[in-house]
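The values are calculated or read from the model by the stated rules, or taken from the named source; none is laboratory data. Quantities reported herein were computed from a predicted structural model and do not represent experimental measurements. Don't worry about glycine lacking a Cβ; one is built from the backbone with ideal geometry, like all the others, and counts go over all protein chains shown. Just so you know, the surface numbers come from the protein's heavy atoms only, side chains and all, with ligands and any DNA or RNA stripped out. Shrake-Rupley method; radii C 1.70, N 1.55, O 1.52, S 1.80 Å.
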Amino acid sequence: MTSLGKTPFCECINLEMIHIESSHTMYECIDGVLYTKDCQTLICYPARKKGNSYAIPSSVISIEDKSFSSCILLKQITIPSSVTSIGVSPFINCRNLESIFVDSHNPHYFSLGGILFTKNYQTLICYPSSKQGTTYIIPSSVTTISSSAFSCCKSLKQITIPHSVTTIGASAFSKCSLLTQITIPPSILSIGDNAFSE
């Protein structure tokens with residue numbers, strides 16, 4: 001086997017472990033997590049892997065699309081300074097995720113109160129689904145709300161979007177079952193598919 005393609009196991013909600021034969025030239029597994037052979041790209045963290053926290057190894061440069069999809073046991077994720085690229089909806093359906101930490105020396109990403117942003121605060125990548133609080137005011141520096149950024153948030157009832165935001169990604173607020181109020185400012189130019197579904 002030479003290619004797995006994009007998001008190979010993102011719907012395998014009961015997957016606990018991935019194994020790769022030691023002779024494989026394309027892929028590597030570390031403690032059941034799938035990487036490229038050089039361990040620079042994290043491809044898939046199994047949805048039911050045991051443990052409620054995970055520190056991504058410092059060898060990792062890239063986190064693939066939906067690589068942590070449906071990881072319901074995870075509560076905390078730590079991103080090292082080495083990461084320069086994070087794919088689309090990396091933490092989608094991580095229903096118990098409470099916080100994301102980023103190494104302070106990372107030049108591309110930053111976490112504020114456990115919420116993941118790009119370093120310049122212009123893109124909000126992920127608001128953890130189980131973060132405490134019923135209201136949230138998005139910082140006025142943000143111009144883009146990424147795909148699935150607030151997906152599955154359990155407690156949020158009200159979100160304030162500043163006039164700086166121009167883009168709301170696909171499924172950005174999907175499955176926010178308690179959300180009762182959100183105001184779309186006139187600055188918004190694009191709203192992705194299923195932004196407010198369910």
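Before moving on, here are some points about what is shown:
- In sequence order, region 110-121 has phi-based couplings of 8, 10, 10, x, x, 9, 8, 10, 6, 4, 7, 6 Hz under the Karplus curve 6.51 cos²θ - 1.76 cosθ + 1.60, θ = phi - 60°, and Gly or Pro positions carry x.
- Since only L73, T134, P57 are under comparison, the one whose Cα sits farthest along the positive direction of the charge dipole of the chain, derived from C-beta charges on Lys, Arg, Asp and Glu, is T134.
- Remark: accessible surface ordering of D193, D38 (largest first) is D193, D38, probe radius 1.4 Å.
- Taking 7 Å steps out from each Cα toward its Cβ at T25 and S197 produces label points 4.0 nm apart.
- In order along region 66-72, the phi-based Karplus estimate (6.51 cos²θ - 1.76 cosθ + 1.60, θ = phi - 60°) of 3J(HN,Hα) comes to 6, 5, 10, 3, 6, 7, 6 Hz; Gly and Pro are listed as x.
- Taking amide H as placed 1.01 Å from N in the peptide plane, the amide H of N93 sits under 5 Å from that of S70, each at least 5 places away or on another chain.
- Relative contact order (%) - the chain, alpha-carbon pairs under 8 angstrom, separation at least six: 12 percent
- Solvent-accessible area of M26 with every protein chain in place, 1.4 Å probe, in Å² to the nearest 10: 80 Å²
- In Å, descending, principal axis extents of the Cα set of region 1-147: 50, 30, 22
- Taking amide H atoms as placed 1.01 Å from N in the peptide plane, the amide H of I30 lies under 5 Å from those of Y35, each 5 or more residues away in sequence or on another chain.
- Taking Cβ atoms as reference points and 14 Å as the exclusive limit, the residues near G5 contribute a net charge of -1, counting Lys and Arg as +1 and Asp and Glu as -1.
- Cα lying deepest toward the dipole's positive end in the chain, options G87, C12, Y121, charges on Cβ: Y121
- When +1 charges are put on Lys and Arg Cβ atoms and -1 charges on Asp and Glu Cβ atoms, the dipole computed for the chain relative to its Cα centre reaches about 520 debye.
- Once C-alpha pairs closer than 8 Å and six or more residues apart are averaged by separation and normalised to the residue number of region 102-198, the relative contact order reads 21 percent.
- For region 7-19, 3J(HN,Hα) per residue [Karplus equation, 6.51 cos²θ - 1.76 cosθ + 1.60, θ = phi - 60°, Hz, x = Gly/Pro]: 6, x, 10, 5, 9, 8, 6, 10, 5, 9, 7, 10, 10
- Around the amide H of I115, modelled in the peptide plane, lie the amide H atoms of I100, all under 5 Å away and 5 or more residues distant in sequence or on another chain.
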